[in-house]
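This report refers to the structure that appears directly beneath it.
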Amino acid sequence: MLIRVIYVSSAVGPQTSTMTKAILEKSQAWNRANGITGVLCQGQGVFLQALEGERATVTKLYSRIYADLRHTKVEMIHCESIVKRRYENWSMALVSLSDIDPETRIDWPEFDPYSATGLLLMARIDDLLASGSVIAAPAP
Ligand SMILES: Cc1cc2nc3c(=O)[nH]c(=O)nc-3n(C[C@H](O)[C@H](O)[C@H](O)COP(=O)(O)O)c2cc1C
C-alpha cells in the first residue's frame, strides 16, 4: 500500500548549501533504491517535506529522519493512503524557500506551516513546483 506523508521541522543550525547538498545526495540515492519519491522545501529555518512510497518504507524512513539531529520540532502534518504518486518524477526534488526571492518566500506569520493543514501545504508545495522553483529534480 502506498502512502504520502508531509511533515514540517525546524533547522537546528544555519541551512548551509553544504548541509543541503549532503541531505539531498543521501536522499536521492536511498530514495531511488527504495522506491521513495517526494519534495523537500527548505529555507527560512524550516524544512517541509513530502514523502511517498510503500507504507513500511515511508514509516522506516520517517523515523530515521525524525531522529536526525540537524532538525527539531518535527511534526507530521499529513498522512494518507494514495493510489497514485503526486511527485513521481522526483526521488527528492529540492525547492528553495529563499529569503530574498519574493516568488519563493513564504511569509510565515501569514502562512505558518505548523498550523496549516496538509491539503493547504500540498497546494503550496505544488505552487512552488509549478512556479519553477525546483532547483534539483533528478528522475527516480
Ligand atoms: C530535512 C531532512 C530530510 C531528509 N530526507 C531524507 C530522505 O528523503 N531520504 C533519506 O534517505 N534521508 C533523508 N534524510 C537523512 C536522514 O535523516 C539520515 O541522516 C540518513 O538517512 C542517514 O541515516 P543513517 O545515518 O542512519 O544511515 C533527511 C534529513 C533531513 C534533516
| Mind checking which residues of region 30-57 are in a helix (DSSP H, G or I) and touching a residue at least 60 places away in the same chain (Cβ under 8 Å)? | ASN31, ARG32
| Subset tally (residues that are under 24 Å from ARG85 (Cβ atoms) and touching a residue at least 60 places away in the same chain (Cβ under 8 Å)) for region 8-28 | 6
| Quick one: is LEU48 closer than 19 Å to ILE125 by Cβ and within 13 Å of the ligand (Cβ to nearest atom)? | yes
| said: If ALA67 meets every condition in (1) more than 8 Å from the ligand (Cβ to nearest atom); (2) surrounded by fewer than 19 Cβ atoms within 10 Å (Cβ to Cβ); (3) at pLDDT 95 or above; (4) not hydroxyl-bearing (Ser, Thr, Tyr) apart from one, which number is that one? | reply: (1)
| said: For the condition crowded, with 17+ Cβ neighbours inside 10 Å, among the hydrophobic types (A, V, I, L, M, F, W, C) and at pLDDT below 95, what is the one hit in LEU40, LEU51? | reply: LEU40
| Looking at region 29-41, which of its residues are near the ligand (Cβ under 8 Å from one of its atoms) and either under 14 Å from the mean Cα position of the chain (by Cα) or farther than 16 Å from THR57 by Cα (or both)? | ASN31, ILE36, GLY38, LEU40
| field | Some residue of region 70-78 being closer than 19 Å to VAL12 by Cβ, at pLDDT below 90 and assigned to a loop (DSSP other than H, G, I, E, B) | value | no
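The values are calculated or read from the model by the stated rules, or taken from the named source; none is laboratory data. Computed from a prediction, not measured in an experiment: that's the story for all the values here. Glycine gets a Cβ as well: all are built from the backbone with ideal geometry, and neighbour counts include every protein chain shown.
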